[in-house]
Amino acid sequence: MNPYAIAPLIATIAYIPLLYSTANTRPWRKRHTFFLIFLVSAMAWSLATVYLRGNYTPQDSLNLSKLIIVLFALNAVQFHCFTSSFFPPQKGRWLPFAYISLAVIIALVLVGYIPREVEASGGRIYYDYGPWVVVMAVLLLVIVVRNLYVFFNILKTADNPVLHNQTLTLIISIIVLTVFTLISLLPWGKEYPISHFGNLIVAFILSFAVIRHRLVDIRIVLRRSTAWITLGVIGALSFWLLLIFLHSIFSFDLDFGASIIATVLAMAVAIFI
């Protein structure tokens, strides 16, 4: 597999336990619907990127890139639908603005304004987003600012530790996804699937929050200890794939023993954190 396709593949794998657990949750609530649609859109965004970075059909690079941008925008809007379900009743969720923003972004993609040109070479993707990408960025950043404004206000007044941890988790997830996405717009960030590293980090943050802080009321059929083991296995697999990706990019020495030691150390750090 092309090394540039590994990062989005890892992100897809990391969401599988959350998707399975959410889909099997009963009783079903509206928040579960928002969360499930977000998970599906996040996985679809990553899977489409895997196909594009794999360079299987170079002649379709432009159309695939357009699809990926639409899926990313859908993912961002659905993440807002989920996060805004934690807003206090008196705070507006701005859902009409979010869906209008999605419609505007889709329209810009369909008329060919975003992206203007795409060149695929050996798994690297060279984008020319064009000036209209600023409109897309501003629309999504408005949603980000709205979320952070509401959540920071909640954080200041929250005296419930569960609510405090849930809010902090959502703030960190929003910031991580935003920062990695903005980095991917930089000249050197366009070549690599930088935003999917952010997607991967968010997958683990949300998985941890669901198990530890009850971010979503998921009653997994398996015992909680089994859920932790599953998360650990997915984490170890993802870490190994990440090592392979970095090895392919930077060509450093890597053997089985070093991989095991690095994985154990990473898991130990994660446990203590």
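The values are calculated or read from the model by the stated rules, or taken from the named source; none is laboratory data. Computed from a predicted structure; not experimentally measured. All Cβ positions, even for glycine, are placed from backbone atoms using ideal geometry, and neighbour counts span all protein chains on display.
When the stretch 180-205 is examined, which residues are found to be part of a loop (DSSP other than H, G, I, E, B) and in contact with a helix residue (DSSP H, G or I) (Cβ under 6 Å, 6 or more places away or on another chain)? Residues satisfying the conditions are S184, G189, P193. Is it fair to say L71 is in contact with a helix residue (DSSP H, G or I) (Cβ under 8 Å, 6 or more places away or on another chain), surrounded by 14 or more Cβ atoms within 10 Å (Cβ to Cβ) and touching a residue at least 24 places away in the same chain (Cβ under 8 Å)? Criteria met by L71.
Residues that are in contact with a His (Cβ under 6 Å, 6 or more places away or on another chain), closer than 20 Å to L182 by Cβ, touching a residue at least 40 places away in the same chain (Cβ under 8 Å) and crowded, with 18+ Cβ neighbours inside 10 Å are absent from the stretch 99-109 altogether.
Listed here are the residues, each with its yes/no results for (1) touching a helix residue (DSSP H, G or I) at 6+ places or on another chain (Cβ under 9 Å); (2) at pLDDT 90 or above.
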| residue | (1), (2) |
| --- | --- |
| V104 | yes, yes |
| L108 | yes, yes |
| I114 | yes, yes |
| V118 | yes, no |
| V135 | yes, yes |
| P161 | no, no |
| S173 | yes, yes |
| T178 | yes, yes |
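Of all residues in the stretch 110-128, those that are assigned to a strand (DSSP E or B), in contact (Cβ under 8 Å) with a residue 12 or more places away in the chain, surrounded by fewer than 20 Cβ atoms within 10 Å (Cβ to Cβ) and hydroxyl-bearing (S, T, Y) total 1. Per this entry, S85 is counted among residues that are surrounded by fewer than 19 Cβ atoms within 10 Å (Cβ to Cβ), touching a helix residue (DSSP H, G or I) at 6+ places or on another chain (Cβ under 8 Å) and part of a helix (DSSP H, G or I).
Out of S41, S65, S61, S21, report the one residue that is buried (at least 18 other Cβ atoms within 10 Å of the Cβ), within 15 Å of the chain's Cα centre (by Cα) and not hydrophobic (A, V, I, L, M, F, W, C). Criteria check complete, one pass: S41.
If you go through the stretch 93-140, how many residues are within 16 Å of V70 (Cα to Cα) and within 22 Å of the chain's Cα centre (by Cα)? Of the residues in that region, 22 qualify. Looking only at residues in the stretch 20-78 that are assigned to a helix (DSSP H, G or I) and touching a His at 6+ places or on another chain (Cβ under 7 Å), the one that is modelled with the lowest pLDDT is T22.
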